[in-house]
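S.K.: Sending over a structure as structure tokens; questions will come in a sec.
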Amino acid sequence: MSILLVGAGLSGAVIGRRLAEAGETVTIVDSRSHVGGNCHTERDAETGVLVHVYGPHIFHTDDAEVWDYVNAFETFRPYRNRVKATTGGAVYSLPVNLHTINQFFGKTLRPDEARAFIMTEQADTTIEDPQTFEEQALRFVGKDLYEAFFKGYTQKQWGCHPSELPASILKRLPVRFNYDDNYFFHRFQGMPEHGYTAMIERILDHPGIAVHLDTVFDRSQGADHDHVFYSGPLDGYFDYELGRLGYRTLDFERFTHDGDYQGCAVMNYGEENVPFTRITEHKHFAPWEDHRGSVCYREFSRACGAEDIPYYPIRQVAEKALLGDYVRLAGAAEGVTFVGRLGTYRYLDMDVTIREALDAARGFLDCRAAGAPVPAFFAAPL
């Protein structure tokens, strides 16, 4: 069969490779001049630093198959994401852990003491069933830690008050009553030695795959192929005929420094009067390399316009209603399957993106073998 994949990021590359290995003829188109999507990495000409062009991507997973998959195409070096935060004129470690608690409150609490202190003296236990981000924070860490580390950062990141966001967002940031400052908790964590773009180029290196960059997709192109996998914006496939789904986008203010600018890869800024959410220093994402110069990004979040790169789906009530309408349109479309972060309008970590891409490729081949129709979604957006 002739398969067209729209997007040369993780979804398109993984699905394309699996189908090409199964004997399909695969064509991949991407509007950008490079593969890798938002995971794209490239060497900075001035400093030699490997830069995460669209913001930092740290690989972490509990999925052994996904971990083995990426390691088949790139060497992953050990890496632990240890985030720092500047607030109130001091620097703390995140997620909130025992060190953060002791430093912030000027105490020397042991784990059980810290747990009791937070639960009895800080947490708002009158909130029994937190429904919003703010309620979740007040219930589990209390007003002081919430205002220092979460309130301002969240308002800048999402462009709305934390009381307008669901509690589920904060559940991704646990409080730890030990000194573990590893931001993630997954078994497998690392960074590709030569960058994500090098890895994706190897995934795409198959005689059954043809990649066309700087190529804007048009639905009419689908007529020349037996099936289309679309990883672009779901609403964009239908030319936004029902309206645009809401996203947040990011702006990066790049600057260089002679030496080590901040001593860590990620420094959050939780206070509302600081306009950016964080500064990333890219050479710290590859600690096995040695560079005198440094490349840093100040990161600003704002509403996504028509010409901007969509990053984070908002998925509030209005967006979910519109998403439902687009899902129904997608279900009625023929010969197309929607995949990935944009195609399913969901926030996805890289490992989940790869897992769903592997599952979609298997699902497609199973449908074809059984003579069954291929669904619009292998991973439901709602």
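The values are calculated or read from the model by the stated rules, or taken from the named source; none is laboratory data. These numbers were taken from a predicted model, which means no experiment stands behind them. All Cβ positions, even for glycine, are placed from backbone atoms using ideal geometry, and neighbour counts span all protein chains on display.
S.K.: When you scan segment 100-115, do you find a residue that is part of a strand (DSSP E or B) and out of contact with any Ser or Thr (no Cβ under 8 Å at 6 or more places or on another chain), even just one?
M.R.: No, every residue in segment 100-115 fails to be part of a strand (DSSP E or B) and out of contact with any Ser or Thr (no Cβ under 8 Å at 6 or more places or on another chain).
S.K.: Residues being loosely packed, with under 15 Cβ neighbours inside 10 Å and closer than 30 Å to Phe338 by Cβ: count how many of those fall in segment 229-283.
M.R.: Residues that pass the stated criteria total 6.
S.K.: Filter segment 40-86 down to the residues that are aromatic (Phe, Trp, Tyr) and not in a loop (DSSP other than H, G, I, E, B) and list them by number.
M.R.: Once the filter is applied, which keeps residues that are aromatic (Phe, Trp, Tyr) and not in a loop (DSSP other than H, G, I, E, B), segment 40-86 yields Phe59, Trp67, Tyr69, Phe76.
S.K.: Give segment 208-238 a look and list any residue that's touching a residue at least 12 places away in the same chain (Cβ under 8 Å) and in a loop (DSSP other than H, G, I, E, B), or say none.
M.R.: Gly208, Leu213, Asp214, Thr215, Val216, Phe217, His225, Asp226, Ser231, Gly232, Pro233, Phe238, listed by residue number.
S.K.: Using the structure shown, decide if Thr280 is closer than 30 Å to Ile15 by Cα, outside any helix (DSSP H, G or I), hydroxyl-bearing (Ser, Thr, Tyr) and modelled with pLDDT of 95 or more.
M.R.: Here the answer is no, as Thr280 does not meet what is asked.
S.K.: What residue, of Thr100, Thr108, Thr86, is more than 28 Å from Asp260 (Cα to Cα) and either polar (S, T, N, Q) or within 19 Å of the chain's Cα centre (by Cα) (or both)?
M.R.: Testing whether each residue is more than 28 Å from Asp260 (Cα to Cα) and either polar (S, T, N, Q) or within 19 Å of the chain's Cα centre (by Cα) (or both) leaves just Thr108.
S.K.: Looking only at helices (runs of 4 or more DSSP H) that fall completely inside segment 315-382, which ones have 3 or more residues that are touching a residue at least 24 places away in the same chain (Cβ under 8 Å) and in contact with an Asp or Glu (Cβ under 9 Å, 6 or more places away or on another chain)?
M.R.: 317-332, 350-370
S.K.: Another question, if that's okay. Which residue out of Gly55, Gly88 is under 16 Å from Glu281 (Cβ atoms) and in contact with a helix residue (DSSP H, G or I) (Cβ under 8 Å, 6 or more places away or on another chain)?
M.R.: Gly55
S.K.: Here is a further query. Please go through segment 154-182 and pick out each residue that is outside any helix (DSSP H, G or I) and at pLDDT below 90.
M.R.: Selection gives Pro166, Leu173, Pro174, Val175.
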